[in-house]
Amino acid sequence: MKKLPIMILLATFLLLTPMVANSISNYTGSEANYTLSGEAILPPVPYVWQEINGFCAWAATAMAMHYAGVDLSLYDVFAASSVGFSFAYFNINDTMLMLPGVLYTQAEPTNYLADLYGIDYTLYVDASIPNLEQNVQVWQSEGLTIGVVDGEEEAFDLMRDTIDSGYPLLISVDPSWLPAADYDILRNEGLSGGGHGILLVGYNDTEHTATYLDPGVGSFGDDYGYPVDGRGNYSIITYSALNTAWDNRYYISNTFIPSSENPGPVDDSLGPLIRDKLLGVGSIYSPSSANAYVGKFGETAFRTMSTDMTPIGIKSFLSVFDGIENEVSFKASLILFIGLGLEAQVTLQYLSYRTALEALPAIMNNTDLTDFVAAGQQALPHFEVLVDNSTLIYPTNLTKATGFVATTFKAIADSYNASADIDAAFAPYDGEFTNISEALLGIADSWKAAGDELASIWPNDFITQYGSLLAFGGGGVVVVIVLFFWWSGKKPSQ
């Protein structure tokens with residue numbers, strides 16, 4: 001039996017995907033021997049709420065950058081890392097994946113963000129993580145610094161050393177082990193294994209507790225909203241619970257330490273990157289990866305989805321599962337999850353894109369972005385046709401998914417499950433799919449126009465990019481031709 005393809009990512013993630021490393025070393029810790037009297041806590045910085053399920057790593061990164069001396073809001077992070085201007089789509093055989101930039105990759109754009117502002121960023125993982133050596137080969141090709149910890153003792157020493165140096169440790173944890181009642185929504189459903197980014201800012205070896213900042217409280221359920229009671233700020237967790245939550249995520253950790261190097265110009269680095277993200281340059285999204293050739297990115301992703309998210313496109317995808325056991329119920333579930341995935345992922349993209357578009361002019365303040373912003377804003381009404389927060393606020397309760405896209409797909413799934421007639425199930429919804437397809441195409445057109453506006457400032461045409469190389473190569477060809485004829489004249493006739 002074929003496995004259900006992954007099409008929706010509703011938990012918060014600190015993803016470990018092919019990243020990079022200039023160096024990799026085993027973490028040895030400091031020479032200090034920690035005793036049960038050891039304790040430390042960092043001073044407060046402005047608390048950053050993640051606002052919606054899916055933005056945890058970026059909210060935690062904003063706080064970590066504050067500690068490193070860089071004043072960035074969550075929206076600034078979306079803009080300066082380029083994730084707000086990124087989107088990936090894969091439709092290959094039995095797999096359909098829709099990934100907003102905030103989820104597609106995280107370490108690479110985080111490393112870029114840190115470099116942009118002169119911060120040394122290091123990613124740590126546990127020695128037991130699957131395929132460590134193979135991943136490191138990829139990581140090393142892309143510029144990240146990687147450290148390896150070996151189990152609980154070294155992970156906790158990393159926490160102590162980082163906090164003792166005056167900086168927090170951003171870690172990935174299984175949120176079902178965090179004490180806040182906000183995560184009861186996961187515990188009540190028996191859900192575990194997800195990833196969530198929090199910031200460790202203190203430890204107490206006497207009480208065996210750690211202090212952390214949690215950007216995720218208030219992101220779920222009926223109590224959704226900013227945690228005005230401060231429960232996400234300076235929260236306490238026992239070492240035992242922290243170890244279980246952290247160990248379940250291979251002790252993934254991130255440090256942000258100021259460097260002595262002065263950062264280069266922001267505009268001339270960030271502008272071309274956003275240009276290529278919007279225009280869907282695969283090698284920019286997935287350097288050294290086959291994903292660059294099999295995926296669709298940026299405006300091309302939305303343009304392809306405008307064809308695939310139609311009755312013809314969806315039925316074509318479903319045909320891969322013809323003859324499968326329990327075919328009707330399986331395909332009905334698939335229809336439902338395609339709709340939930342489309343709504344959730346496009347909503348995350350809309351929220352990160354809209355706010356990044358607003359934040360970018362202040363970040364790239366040496367460039368007139370008026371025409372770029374105007375072109376980019378044309379996507380917003382098309383996004384608004386598709387987006388709805390309910391799918392993200394209630395990730396475990398399908399009855400709470402009330403958005404246009406989710407309810408349309410749910411109605412089709414219910415009809416097909418009852419009738420087993422797929423054409424009849426889709427037939428009443430031609431108008432809805434026209435709206436969905438046109439909205440996706442409108443986003444694609446706007447992203448292309450915005451990318452082209454940046455290309456007018458930082459040209460990306462072939463001649464501009466490779467003209468000097470061609471001139472050098474052309475000169476070389478002339479030399480070769482001259483030498484060939486000279487040599488032919490000296491060579492005896494056959």
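Each reported figure results from applying straightforward, stated rules to the coordinates on display, with no laboratory input. Small disclaimer: the values here were computed from a predicted structure and weren't measured. Backbone-built Cβ (ideal geometry, glycine too); neighbour counts: all protein chains shown.
Annotation: Cα Rg of the chain relative to the compact-globule expectation 2.2 N^0.38 Å equals 1.08. Where only DSSP H runs of four or more residues are counted, the chain gives -15000 deg cm²/dmol as its mean residue ellipticity at 222 nm, each run worth -39500 (n - 2.57). Can you bin segment 76-183 into rounded, prolate or oblate? Criterion: square roots of the alpha carbon gyration tensor eigenvalues sorted a ≥ b ≥ c, rounded for a/c under 1.5, prolate for a/b above b/c, oblate for the rest. In terms of gyration-tensor shape, rounded. When D322, D430, D276, D120 are sorted by how many other C-beta atoms sit within 10 angstrom of their C-beta, beginning with the fewest, the order is D322, D430, D120, D276. Each part gets one Cα centre, and for segment 349-424 versus segment 92-127 those centres are 22 Å apart. Size estimate for segment 76-123 follows the Kirkwood approach: the inverse of mean 1/r over distinct Cα pairs works out to 11.7 Å. With the cut-off at under 15 Å, measuring from each backbone N in segment 221-247 to a point 7 Å along the Cα-to-Cβ line of A181 picks out 221-225, 227-232. Computed from the Cβ-Cβ distance with R0 of 30 Å, the FRET efficiency linking N326 to I257 stands at 0.05. The lysine pair tally for the chain, using Cα distances under 23 Å and a gap of 8 or more places or different chains, is 16. Legend: calculated FRET efficiency, T399 to V294, from the Cβ-Cβ distance at R0 = 45 Å, rounded to 0.05, equals 0.80.
Loop sites here are GluC sites (Glu not before Pro) outside DSSP states H, G, I, E and B with no more than 10 other Cβ atoms within 10 Å. The longest part of the chain free of them is 32-260. Restricting to bridges with both residues inside the chain, how much of the DSSP beta-bridge set is antiparallel, in percent to the nearest 5? Bridges in the chain are about 80 percent antiparallel. Taking label points 7 Å from Cα along the Cα-to-Cβ direction, T407 and D222 give a separation of 2.1 nm. In this label model, D368 and R231 are separated by 5.1 nm, measuring between points 7 Å along each Cα→Cβ vector.
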